[in-house]
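Report on the structure given below.
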Amino acid sequence: DGLALEAWCRVLPRTLGTLSQLYRTVDTKIFEGLAQDAVMSCTESLVAVAKAVEKARGKLDGALFLVMHLLKLREQIVPFDVDFSSNEIQLDFSNTRSSLTRMFHSGAANSWSGALSSLAGAPPKVYRTQRNSKKELERELKHACEALILLCAAQIAEPVAAWVRKADAISGTGGGGAGKGLRENVFATPDKVKDTCKALRAAVEGFKSDTVPKMELYLANPQTRSVLLAPIRSAVLDTYSRFHAHVNSAFLPEEYVAMQMIPPEDLAALLLLENTPPPPGGNP
C-alpha cells in the first residue's frame, strides 16, 4: 500500500522537513545555498533508491517510484521563493604543478626571481560553472517520465512490434506495405497474424487490469496519469498502424475479417485507458 511505498525512501520527507524548518529561521542567502544542495542531493538519492526498488520489485515499480517522488519534490519546493541556481568557481592547478616540477629540475628554484617568473607564467586555470538544482530535478523528472512511457508502450505493443520488425526487415521500407510476398513467411501466415491480434488484445487488457491500477497507487492525481497515458496510447497506435499497413497490403479483405484484425478506430477506443480527459499542456 502507500505506506509501504513511503517506507522505501525517507530522504524526501526528511529533506522537505528540514527545508521547511530552516526557511523562516535563517538568512535568505544562507537558505538558498542549503536548498540548492539539499534538492540536488535529494534528486540524486531518489534516482539511486529507484534503482533499488527496480531490483526488488521490477522495472515498472522502479519507474513509478521515481516519477512519484520527483513529482512530490518538485511540488513541495514551490513555496520556497528562492533562487535554486548557484555559480561555482573551480581552479585547475595542473599547469602550475607542471611549472613547479620543471622549475625544480632546472634549478630555477634556487633563484627567487626565477621561481617567481616560473610561477607567473603558469597561473591556475579558472573554470566557472552554474548549477541549478531545480533544473536538474526537472531534467531527471523528464527522463523518468519518458522511461515510464516507453516501458508501458512496449508492454502493450510488443506482440505487434516484434511482428512489425520482421515485416520491415523483409520490405526494406520500415513504413509498412511489404506486399503479397509477405504472407509467404512463417511469421506472417493468417494464423500467425490472428495470434498476434489476440496477443495484442491480451496485452491491452493486462495493462488495464494490472498496470493502470498500479499507476493509480503511485500517482493519485488523475490528471498526472492522463498526461502519461496519452503518449503511451499514441505510441501503441503508431506501432499498430504499421502492422495494419503491412497486413492490408498482403491479405484480401475477407482474410482481414477471418484473422480478426482490429480496425484502428476500435483499437483507439480500446486504448482509452481512463475516462479522465488529458489536461491542457504536457507536464505531469
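No value in this document is a laboratory result; all are computed from the given coordinates. From a predicted model like this one, the values you see are computed outputs, not experimental measurements. Methodologically, a virtual Cβ is constructed for each residue, glycine included, from the backbone with ideal geometry; neighbour enumeration extends over all protein chains shown.
Odds and ends about this structure:
- Segment Val186..Ser41, full-extension length gain: 46.9 nm, with 0.36 nm per residue of separation and the alpha-carbon distance subtracted.
- From phi via Karplus (6.51, -1.76, 1.60), per-residue ³J(HN,Hα) for the range 197-212 in Hz, x at Gly/Pro: 5, 4, 5, 5, 4, 5, 5, 5, 5, x, 5, 5, 8, 10, 6, 4
- Using a Förster distance of 25 Å, the FRET efficiency for Gln21-Arg139 (Cβ separation, nearest 0.05): 0.35
- Note on Val78 and Ala169: with the Förster distance fixed at 51 Å, the Cβ-Cβ geometry gives a FRET efficiency of about 0.55.
- In sequence order, the range 219-229 has phi-based couplings of 10, 6, 6, x, 5, 4, 5, 5, 4, 7, 6 Hz under the Karplus curve 6.51 cos²θ - 1.76 cosθ + 1.60, θ = phi - 60°, and Gly or Pro positions carry x.
- Theoretical gain in end-to-end length, Ser234 to Val212 [0.36 nm per residue, Cα-Cα removed]: 6.3 nm
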